[in-house]
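Okay, structure first, notes after.
The values are calculated or read from the model by the stated rules, or taken from the named source; none is laboratory data. Everything numeric here is computed off the predicted structure, so don't read it as measured data. Cβ: placed from backbone, ideal geometry, glycine included. Neighbour counts: every protein chain shown. Protein only, heavy atoms only, side chains kept; ligands, DNA and RNA dropped before computing areas. Shrake-Rupley method; radii C 1.70, N 1.55, O 1.52, S 1.80 Å.
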Amino acid sequence: MRWIAPGGAAALAGILSSGSFADPAPFDLAGPTIQMTVTRGGLTLPAAEVPDLASGDHLWLKADLPPKQEAHYILVAAFLRGSTNPPPGDWFVRCDTWAGRCAREGLSLTVPEGAQQMLLFLAPETGGDFKTLVNAVRGRPGAFVRTSQELNQASLDRSRLDTYLAAIRRLEESDPAALKNAAPLLARSLAIKVDEKCLDKLAVLQAACLMQGRESLILSDGHSASVTQTLTSGPASDLAMTASSTTQLKSGYYGPYIGSIFDIARIFDSFHTAQYQYIPALASARHDTLHLTLNAAPSFHDPKSVLVVGLPAIEAALPPPLRPADPLLAYCARKPDLVLPVDGAPLVFSTQYAHDLALYVTVNGAAIALPAHADAEHGGVAVDTGSLPALEANGAQATLKGRWGFGAFEGPSFRLEDARPLGWTLAAGEEANLIVGREATVHLHSGSNSCLKSLALQDAGGAEHRVEWTAKADGVEARLPLQDVPAGEATLLIQRYGAAGTQRLSLRTFAEGSHLERFALHAHDSEGVLRGKRLDQVDHLLLQGEEFVPGTLTTHDGIDELTLSARNPRSVASWPEGESTAQVGLRDGRSFPVKAAIEAPRPAAQLIARSAERRAGEGELQIQLGSDQELPQDAQLTFSLRAQSPPAFTRDARIEVATADDAVSTTLDVGSGSMTLQNSHVAVGSLNVAQALGLSAFGPLRYRLLANGVAGDWHPLVTLVRLPVLKALQCPAAAAESCTLTGSNLFLLDAVASDRKFADATRVPDGFTGHSLAVPRPAQGPLYVRLRDDPAVTSELVVPAASGPPAAAIERNPER
């Protein structure tokens, strides 16, 4: 933060009210150092290990200034006793840092009874300097009490930020890839706000992103929070309080650390005189030295700069509220780099207040102390278990103990275990989740998972794939990398700390499973349709004890439709309508439920009658069809139907007519006039076949009823035949010679004979393109023909009286 000069408080208010802003000047200017130790009850601790002071404490202070320091500083120690009670004059102690005994040996003093706060002042030597400082503090004790609290709080918050930034820089230099895992643990340990989007960046870019907006990264912490709680919205929590949003700072967060700095600026601005201005100094304690950091360069001209340092409060010790990150987990005593995850007390990780830590374990009646230390990068307390003997079968309870400043504290307890020879199983129902081509998350169970060291997946080809996993209270959550693993047998390789050999768990992986939507079967049918995806893997379907086997598979718009036929059609045909559940079995042995419905019977209509009207061309020879099931392609077809299911036709009912191969079809309906309702039970359809189906349609035609979006079964309607255009039959006078048949589209004839048995028939070859054909002489009566579209039926060609000579050119039939 930048020091606010005369009028600074008003300027700050104007800035905030106008919506504009300037970044606080960072505390990045190194100031002087001060050596400090504290003695209590015969025990002396360096400053870094003292979180609080107490009445009767003996303090030793010595300013560490350069030997050739030209500007002389006086060091003033001041004790305070509350905001409404000015301290007595003898609570101020002066030390001339450039000469005399204090310069040589430092300043020794005792915390007086009734003192509550302590401040240090480093002020340039001037006439009346000491008296000016004493009068300033005694005149406004409440402001300096607040200053002491805010400086102490800001220093503690800054210690968390410095620890976080140092860890990020160290990892950036040594192992950038580790940042993704370490950053969340650092954030939890130090109550630092981490932008998770930074962890999605490339490893080389993560550190810079994680250090952006430094001061706004600090979240409020319930253990170290004091007056900062009044500067932020909402109460402080044990771990972190979400910073209030504001538009005043570019960072977007009005955090507790920034709030403290702004508050100090407002207080110091009110102290400004023509002789002195006050500069906050944040103290970072390392062993017995306080390293001061400034955010403004000191001035040695009027107004001269006075450095103000806040020391720990004079109050009862508040032990760190450490707690296990997951109290239900047990931890492996044989893990060489054992870290017990804890949270709730960031100062344990950012300061040396917690010292002489040890994990106490009772084994066979003997208490064993295992060395321990805070490890923010790994999110907990690291423990050296090298000297720990074998534990009993049910493990042991361990408790973290140590010292917080001068007092002992007892931290959380943990359950330690040794590796036990227990089997591993996959959670029930998760076998079907092992689908190759993607990562599969599964859950493993055993009697104890605390000593799990690593997991690897070995596929059928022997290749091993590393498995990421997370310990849970009720097992292990494993993410199996099945992206490049073939379907089939696989083995999970399990290694544990303190256990020889590798445990193996057999698994079976599967190809992408079928996605099942619904199986529908119409009442009285023996075939149903299953909808879904990847239905090519279906082996069978079971519904109400009856088995259905796969038939035709089709795909429309990415959705498969598989026809399944009942092995016992008679049993299925009697099923009533209703909802049910079927079981679909896949070829790899898996089985899945699917919704099933027995729906209303398909729409059906019975053929009553049909007729055809054809107008022959002038001068054409006529072919009399040999079956009333045949219909000339160029005829007008009229047929009538009687409704069966439903028992009456609706006006939106339709009749579909199609060839047997579904190559072409047409639909008749009331709206187009191609279908007429005689009444609600009888419908009459009419169509010009050539126009409706095209000139290439031939063979059996069929019809079905369409109603309510459901298609009925197909029923035979008629056989469509195409007729050649026959112009003349000319026979020579000599009885031994054949006759000549002329016309077009003669390839539509299959054979021509003079008798019904076709004993002496002329066969028309495939692809015949001639306009005349040599045929047998009719005996007495017609010639007999078979049409290519329906060669099983014999029709008659009405023969007129022969006239005229034979045609000049005759195409001979080589197959005659």
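Remark: spin-label model distance residue 669-residue 463 equals 5.5 nm, labels positioned 7 Å along the Cα→Cβ axis.
Between residue 291 and residue 105, how high is the FRET efficiency from 1/(1 + (r/R0)^6) when r is the Cβ-Cβ distance and R₀ = 25 Å? Nearest 0.05.
The value I calculate is 0.70.
Here residue 401 sits with roughly 80 square angstrom of accessible surface, probe radius 1.4 Å. Going by accessible surface with a 1.4 Å probe and the largest first, 645, 387 read 387, 645. A Förster distance of 60 Å, applied to the separation of the beta-carbon atoms of residue 727 and residue 555, puts the FRET efficiency at 0.75. Ligands, DNA and RNA left out, the accessible area of the stretch 376-526 computed with a 1.4 Å probe is 46% carbon and sulfur.
Where in the stretch 558-635 are there GluC sites (Glu not before Pro) that are in a DSSP coil and have at most 11 other Cβ atoms within 10 angstrom of their Cβ? Answer by residue number: 618. Work out, step by step, the length gained on full extension between residue 502 and residue 474: first 0.36 nm times the residue separation, then minus their alpha carbon distance; give nm to one decimal. Separation in residues times 0.36 nm, less the Cα-Cα distance, equals 7.9 nm.
Taking 0.36 nm per residue of sequence separation and removing the Cα-Cα distance, the residue 613/residue 676 pair yields an extension gain of 20.9 nm. Between residue 688 and residue 645, take the C-beta separation as r, use R0 = 30 Å, and let me know the FRET efficiency to the nearest 0.05. For residue 688 and residue 645, the calculated efficiency is 0.55. Taking a 27 Å limit on the Cα-Cα distance, which of the listed pairs 180/533; 62/304; 193/453; 180/401; 193/401; 180/472 fall beyond it? Among 180/533; 62/304; 193/453; 180/401; 193/401; 180/472, the Cα-Cα distance tops 27 Å for 180/533; 193/453; 180/401; 193/401. Give me the net charge for the shell around residue 90: Cβ to Cβ below 15 angstrom, other residues only, Lys and Arg +1, Asp and Glu -1. Taking every other residue near residue 90 into account, the sum is +3. With the simple model of a label 7 Å out from the Cα in the direction of the Cβ, residue 574 to residue 422 spans 5.5 nm. Loop-resident trypsin sites (Lys or Arg not before Pro) (DSSP state other than H, G, I, E or B) in the stretch 631-680 with no more than 16 further Cβ atoms inside 10 Å of their Cβ: 651.
Between residue 546 and residue 581, the modelled label-to-label distance comes to 2.1 nm, taking each label 7 Å out from Cα in the direction of the beta carbon.
Applying the criteria of a DSSP loop state and at most 10 other Cβ atoms within 10 Å to the chymotrypsin sites (Phe, Trp or Tyr not before Pro) of the stretch 483-569 yields no site. In plain terms, the chain from residue 708 to residue 362 could stretch by 116.7 nm, reckoned as 0.36 nm per residue minus the Cα-Cα distance. Charge tally for residue 358 (other residues, Cβ to Cβ under 12 Å; Lys, Arg +1; Asp, Glu -1): -1.
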